[in-house]
Amino acid sequence: MNKSKAKAQRLARRHRRVRGRVAGTPERPRLCVHRTNMNIYAQLINDENGTTLCSASTLDPEFKASGKSGQNKEGAALVGELIGKRALAAGYTKVAFDRGGHLYHGRVAALADGARNAGLDF
């Protein structure tokens with residue numbers, strides 16, 4: 001088995017383990033984080049209906065206008081602030097954080113801190 005396939009399988013296993021504990025409800029949706037080497041994505045998900053309530057990423061025009069990079073913590077913090085503002089505008093203040101199988105460190109932690117600074121509670 002090649003290294004990249006094994007690494008992806010380990011990440012999927014960790015994500016399944018996290019998802020066993022974290023679920024989104026209409027009152028407290030799940031803040032799901034997906035990270036690649038180039039970008040970071042965040043979504044608010046209601047798992048009971050299987051719907052995405054709002055999203056933000058480094059590919060959004062609002063993010064691109066800031067001139068920041070999605071490869072560092074500053075960019076991740078800005079994405080966290082964007083998802084926090086959009087969640088508050090949609091009427092959600094409490095969320096369940098889903099780190100997507102990644103360590104709560106670096107860009108994932110920066111996104112979480114940005115969302116907390118915007119007013120989300122988790």
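The values are calculated or read from the model by the stated rules, or taken from the named source; none is laboratory data. The shown structure was predicted, so the numbers you read here are calculated from the model rather than taken from an experiment. Glycine gets a Cβ as well: all are built from the backbone with ideal geometry, and neighbour counts include every protein chain shown.
A quick yes/no check of all residues on (1) polar (S, T, N, Q); (2) more than 22 Å from ASP121 (Cα to Cα); (3) not in a loop (DSSP other than H, G, I, E, B):
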| site | (1), (2), (3) |
| --- | --- |
| ARG28 | no, no, no |
| VAL33 | no, no, yes |
| GLN43 | yes, no, yes |
| GLY67 | no, yes, no |
| LEU88 | no, no, yes |
Subject >> Residue identified as out of contact with any helix residue (DSSP H, G or I) (no Cβ under 6 Å at 6 or more places or on another chain) and modelled with pLDDT of 95 or more among GLY80, GLY75, GLY24, GLY84 >> reply: GLY75
Original post:
Do you know which of the residues in segment 44-70 that are touching a residue at least 24 places away in the same chain (Cβ under 8 Å) and not hydrophobic (A, V, I, L, M, F, W, C) is farthest from ALA89 (Cα to Cα)?
Top reply: GLY70
Subject >> Selection count, segment 1-23, where residues are under 23 Å from ALA96 (Cβ atoms), assigned to a helix (DSSP H, G or I) and hydrophobic (A, V, I, L, M, F, W, C) >> reply: 3
Original post:
List pairs: first in segment 84-95 and surrounded by fewer than 14 Cβ atoms within 10 Å (Cβ to Cβ), second in a loop (DSSP other than H, G, I, E, B), Cβ under 6 Å, 6+ apart or cross-chain?
Top reply: LYS94/ARG28
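Conditions tested, residue by residue: (1) within 21 Å of GLY114 (Cα to Cα); (2) surrounded by fewer than 17 Cβ atoms within 10 Å (Cβ to Cβ); (3) touching a Lys or Arg at 6+ places or on another chain (Cβ under 9 Å).
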{"position": "ARG10", "(1), (2), (3)": "no, yes, no"}
{"position": "ARG19", "(1), (2), (3)": "no, yes, yes"}
{"position": "GLY24", "(1), (2), (3)": "yes, no, yes"}
{"position": "MET38", "(1), (2), (3)": "yes, yes, no"}
{"position": "GLN43", "(1), (2), (3)": "yes, no, yes"}
{"position": "THR52", "(1), (2), (3)": "yes, yes, no"}
{"position": "PRO61", "(1), (2), (3)": "yes, yes, no"}
{"position": "SER66", "(1), (2), (3)": "yes, yes, no"}
**OP:** Output the number of the condition that SER55 fails; it satisfies all remaining conditions of (1) of a type in the set (Gly, Ala, Ser); (2) part of a loop (DSSP other than H, G, I, E, B); (3) more than 13 Å from ASP98 (Cβ to Cβ).
**Re:** (2)
